[in-house]
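The values are calculated or read from the model by the stated rules, or taken from the named source; none is laboratory data. Because the structure is a prediction, the values reported are computed rather than measured. A quick note on method: Cβ atoms are made from the backbone with ideal geometry, for glycine too, and the neighbour counts reach across all protein chains shown.
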Amino acid sequence: MTFPELHHNHSKCTADLLSRAEHTCERRGSRLTAQRRDVLGCVARSHSAVGAYDIIERMAEQGTRPAPITVYRALEFLLAHGLVHKIESRNAFVACSHAHEGQPAAMLICEACGTVAELDAPEIFAGLKSAAGARGFAEQRTMIEVTGLCSACAEAS
Ligand SMILES: [Zn+2]
Ligand SMILES: [Zn+2]
Ligand SMILES: [Zn+2]
C-alpha cells in the first residue's frame with residue numbers, strides 16, 4: 001500500500017498515471033482521446049476523491065465547459081479500464097495509483113485530508129467471496145471502503 005506523503009512530487013504521480021493510461025489503452029486497442037485524457041488529468045490533480053461536477057468545474061477553468069454527458073462517458077471509459085475508481089460512499093472518483101490489472105483493492109479514505117489510498121488485500125477479497133459462496137451467494141463485485149485517519153493526520157491531531 002502506498003499512502004502518498006503529504007509533500008511529494010505529485011507531477012510524477014500524474015506523469016506515471018498518464019503514461020500507464022496510454023499503455024493500457026494501446027494494449028487494449030482503445031483510444032485515450034483528448035477528452036478522456038483531460039478528464040483523467042482533472043481526477044488525478046490530487047489524491048482526494050472528486051465528484052463529477054467538480055471535474056466539470058476543473059475542466060471549465062482550463063478552457064471550455066464540457067457537457068456533463070461527455071464527462072460521464074469519459075469516466076465510464078476510465079472506470080472500465082481501471083484508470084479511475086469510484087468511491088461509492090462519496091459518489092466521487094479517484095485516479096488509480098498503481099497497476100493492479102482488474103484485481104480489486106480496498107480504498108482507505110482519510111476523513112481529515114480526504115486522501116484516498118489503495119490497499120491490495122487479495123486474501124480479504126478471496127475470503128469474502130468464499131464466505132458468500134458458502135452461503136450460496138455468487139459474488140460479482142466487492143467494494144471495500146475504509147474511513148479513518150492517515151498517519152500524517154493522526155499525528156497532527
Ligand atoms: Zn501524488
Ligand atoms: Zn487502483
Ligand atoms: Zn489525512
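Summary table
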item: Within segment 84-104, considering residues that are in contact with a Pro (Cβ under 9 Å, 6 or more places away or on another chain) and under 14 Å from PRO122 (Cβ atoms), the one farthest from ligand 3 (Cβ to nearest atom); result: GLN103
item: Meets criteria (closer than 22 Å to SER19 by Cα, within 16 Å of ligand 2 (Cβ to nearest atom) and β-branched (Val, Ile, Thr)) for VAL50; result: yes
item: Some residue of segment 113-121 being away from ligand 2 (no atom under 16 Å from the Cβ) and touching a helix residue (DSSP H, G or I) at 6+ places or on another chain (Cβ under 8 Å); result: yes
item: In segment 64-118, the residues that are on the phi > 0 side of the Ramachandran plot and either in contact with a His (Cβ under 8 Å, 6 or more places away or on another chain) or at pLDDT below 95 (or both); result: GLY82, GLU101, GLY102, GLY114
item: Any hit, segment 119-142, residues being touching an Asp or Glu at 6+ places or on another chain (Cβ under 6 Å) and either aromatic (Phe, Trp, Tyr) or at negative phi (or both); result: yes
item: Any chance LEU32 is touching an Asp or Glu at 6+ places or on another chain (Cβ under 9 Å) and either under 27 Å from CYS113 (Cβ atoms) or of a type outside the set (Lys, Arg) (or both); result: yes
item: Residue tally, condition of a type in the set (S, T, N, Q) and either more than 19 Å from LYS86 (Cβ to Cβ) or within 16 Å of ligand 1 (Cβ to nearest atom) (or both), over segment 99-155; result: 3
item: Those residues of segment 123-157 which are assigned to a loop (DSSP other than H, G, I, E, B), away from ligand 2 (no atom under 16 Å from the Cβ) and touching a strand residue (DSSP E or B) at 6+ places or on another chain (Cβ under 9 Å), in sequence order; result: LEU149, CYS150
item: Total residues in segment 24-45, condition surrounded by 18 or more Cβ atoms within 10 Å (Cβ to Cβ) and within 23 Å of LEU108 (Cβ to Cβ); result: 4
item: Candidate set from segment 116-142 (those that are exposed (fewer than 10 other Cβ atoms within 10 Å of the Cβ) and charged (D, E, K, R)); member that is farthest from GLY102 (Cα to Cα); result: ARG135
